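The values are calculated or read from the model by the stated rules, or taken from the named source; none is laboratory data. As the structure is a computational prediction, the values presented were derived from the model and not from experiment. So basically every Cβ, Gly included, is an ideal-geometry build from the backbone, and we count neighbours across all protein chains shown. Surface areas here come from the heavy atoms of the whole protein model, side chains and all, with no ligands, DNA or RNA. Shrake-Rupley method; radii C 1.70, N 1.55, O 1.52, S 1.80 Å.
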Amino acid sequence: MSKEYKRTLITTALPYTNGPVHIGHLAGVYVPADIYARYLRLAGRPVTLVGGSDEHGVPITLKARAEGVTPQDIVDRYHALIKESFEGLGISFDVYSRTTSDIHADTASEFFRRLYENGQFIEKESMQLYDPEAGQFLADRYVTGECPHCHNPKAYGDQCEACGTSLNATDLIDPHSAITGSVPELRPTRHWYLPLDRWEPNLRQWILEGHKEWKSNVYGQCKSWLDMGLQPRAVSRDLSWGVPVPVEGAEGKVLYVWFDAPIGYISNTKELYPDSWETWWKDPETRIINFIGKDNIVFHCIVFPAMLMAYGDNFQLPDNVPANEFLNLEGDKISTSRNWAVWLHEYLADFPGKQDVLRYVLTANAPETKDNDFTWRDFQARNNNELVAILGNFINRVVVLTHKYFDGVVPAEGTLEPIDEALFAEMAELKNSLTENLETFHFREALKDAMAFARAGNKYLQETEPWKVWKENPARVATVLNVCVQVCASLAVVMEPFMPFMSEKLSAILALGKLDWNMVGARPVAAGTLLGKPEFLFEKIDDATIQAQVDRLVNTKRENEIRNFKPAPVQSEISIDDFGKVDLRVGTVLTCERVKKADKLLKFSIDDGTGTPRTIVSGIAKHYEPEALVGKQVIFVANLAPAKIRGIESQGMILSALNADGSLVVAAPSADVSAGAQVK
């Protein structure tokens, strides 16, 4: 950081209130923002963490329409759920508000009016899709159709979720209204536009010359947009849900959500500091940091800064925008529409008391430079092998040994030996590295530094072996345990940004009081302090618990496959004479067994009514247990030419249907019929 600031304002992307938040949101925005805010508080630097719900936009109105409720009903429900979920995970917002608040409507309206009155907008007519049945213009998500790039038939008017390409509604092939299903028509409408091209020179100088230290993904995306040349961007929409455009002649128009939402950072700050909010936005001594996901880079680095430049009045621009990449789930892209996600409120219900485990795993696997993958097996391994076996184990051993040898009273430090001095020196180096990584938003590396305190403590404890020294040299044990207690104190501080719940418990055990960054590597626990009782700060997560989560995702994938099932194309026509050549019969399974050294094959012996059992080999072993088929009736092709399969002569083919979820069902008559009966 090249300049020292008096205070830091941290903003977090506003989540849409058309659903709950998931681990992708947490890893990309909220956990890193909270880590940084908590670190600054520990360092004694004034900081405010601002968040809130984005409660306008087409996805909310679509959900309301689908459920037969009002948009306000939707946002009230999910705002409460999201806010409660954030609190449950320990995201320490100083304010978490919403864009349907009166103060936001007033702030957004005033912002628009100032730009309007100062000639910062251009007004122009454009052709947009209109639904004649619904009697309204169709904003982006009100239009679906075929993506012109990947030909996904269910692309939205603003983006194709299959290939990720940004779109305009008029780009879609065969567009349809999401309201009525009818084919929309193009009609003229007038809107206000922010001429981003007017601010391109300022933005180019501010970003490309002034912020080369930004993360490469952020800087690179900004440069790409600037190099392509900026274009005017609409700031109004033909909708009924949103902040009404506050000028005459704008009936039926609202502020476009991308213009409305970032003003929420300002209105939420106003709500928190009604008399001093300008200090956090207009004082050059305030450093503003925007935590966002990579899909919001252009809005926070180009569009919102251009809005602030156009407004003037000394609004400060963000000093950094540390955007993360995306987090995937079990090798697949997280998708709210497919329910392919780990939802925060469900996690908190399924894993009570394990908020820190999720925070730890999401930070250890943070998508800081590239997309990363969350898996439940990795979640379990990090908990059991790192939090339990390394961090929790060290702290528990220290507290247990102090209670065993000194009745829980921290002994005085005696003469330090080289190994003791080396540990304090190592902690000083780790603190420097940890501080540097936190300051530069490298939270994954910072967590490694924090865990290194526990690793160093474990190594020290193993090398000093106080349990072996006690009888011969209790004074040495006193020094060793005093040193270990000080390491635990450092852990309470360095882990607080990452795992605040654990830190609070450990602080209580050590009677530390208010935590301070200066405690790290020091000796904040005085001799004579009575430690709390030993307790396990983490516990192992068993295989059954993890399997339940994996099974939930498997079921979700199966439900998606069934919902999105499309029949395979019908093969070329055949004549009735051709069909008549196929002799379909009913048979009863006499025996069924697996074919040796063949995972997919079952060998059937079938009563076909002739008196001589028929042998058929079928590749359905992954879908059925052999014994479950004995006694069942099946339909088979009786006049198929015999074929040798794994040395077995197969005399027909059993019919089956492949389901949408990949499961297979053997064809059978609906009632028992005579073996050998023909299927007509």
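The fraction of all Cα pairs in region 1-150 landing in successive 10 Å bins from 0 to the largest distance is 9, 26, 30, 24, 9, 2, 0, given as whole percents.
Once all protein chains are placed together, T8 keeps about 10 Å² accessible to a 1.4 angstrom probe.
Sorted on the mean count of surrounding Cβ atoms within 10 Å across their residues, most packed first, peptides 383-389, 662-668 read 383-389, 662-668.
Rounded if a/c is under 1.5, else prolate if a/b beats b/c, else oblate: with a ≥ b ≥ c from the C-alpha gyration tensor eigenvalues square-rooted, which is region 1-83? Can you show the working numbers first?
On the way: a/c = 3.34, a/b = 2.90, b/c = 1.15.
Judged from the Cα gyration tensor, region 1-83 comes out prolate (a/c at least 1.5, a/b above b/c).
What accessible area per residue, rounded to a whole number of Å², is obtained for region 1-43 using a probe radius of 1.4 Å? Let's see the in-between values first.
Values: 1210 Å² over 43 residues.
Each residue of region 1-43 exposes 28 Å² on average to a 1.4 Å probe.
Given R0 = 51 Å, the distance between the Cβ atoms of R476 and K600 translates into a calculated FRET efficiency of 0.15. Placing unit charges on each Cβ (+1 for Lys and Arg, -1 for Asp and Glu) gives region 183-260 a dipole about its Cα centre, and among W258, Q205, G242 the Cα reaching farthest toward its positive end belongs to Q205. Positive end of the dipole of the chain (Cβ unit charges, origin at the Cα centre): among G312, L172, A139, the Cα lying farthest that way belongs to L172.
Counting only DSSP H runs of at least 4 residues, each contributing -39500 (n - 2.57), and dividing by the residue count of the chain, the helix-based mean residue ellipticity at 222 nm comes to -11500 deg cm²/dmol.
So which of K557/K622; K270/K370; K154/K680; K333/K459 end up more than 29 Å apart by C-alpha? Walk me through the numbers before you get to the answer.
On the way: K557/K622 18 Å; K270/K370 35 Å; K154/K680 40 Å; K333/K459 40 Å.
Violating the 29 Å limit, Cα to Cα: K270/K370; K154/K680; K333/K459.
Taken about its Cα centre, the chain carries a charge dipole of about 1480 debye when Lys and Arg each add +1 at the Cβ and Asp and Glu each add -1 at the Cβ. Between D577 and R190, residue separation times 0.36 nm minus the direct Cα-Cα distance comes to 132.9 nm.
Just subtract the alpha-carbon distance of A527 and S216 from 0.36 nm times their residue separation and send over the number in nm, one decimal.
Working: separation 311, 0.36 × 311 = 111.96 nm, distance 4.84 nm.
Net length gain for the segment: 107.1 nm.
Over the chain, Cα pairs under 8 Å with separation of 6+ residues give a relative contact order of 12 percent. Taking each of K468/K540; K505/K540; K294/K448; K603/K632 in turn, the alpha-carbon distance tops 26 angstrom for K468/K540.
To the nearest 10 square angstrom, how much accessible area does W192 have with a 1.4 angstrom probe? It works out to around 10 Å².
How high is the relative contact order of region 131-268, given as a whole-number percent (alpha carbon pairs under 8 Å, six or more residues apart)?
The normalised contact order for region 131-268 reaches 18 percent.
Other residues whose C-beta falls under 10 angstrom from the C-beta of G181 contribute a net charge of -2, scoring Lys and Arg +1 and Asp and Glu -1. Of all complete DSSP H helices in the chain, those with a Cα span along the helix axis of 24 Å or greater and a mean Kyte-Doolittle hydropathy of 0.5 or more are 474-494. Among the protein heavy atoms of the chain, carbon and sulfur supply 50% of the accessible surface, probe 1.4 Å, non-protein parts ignored.
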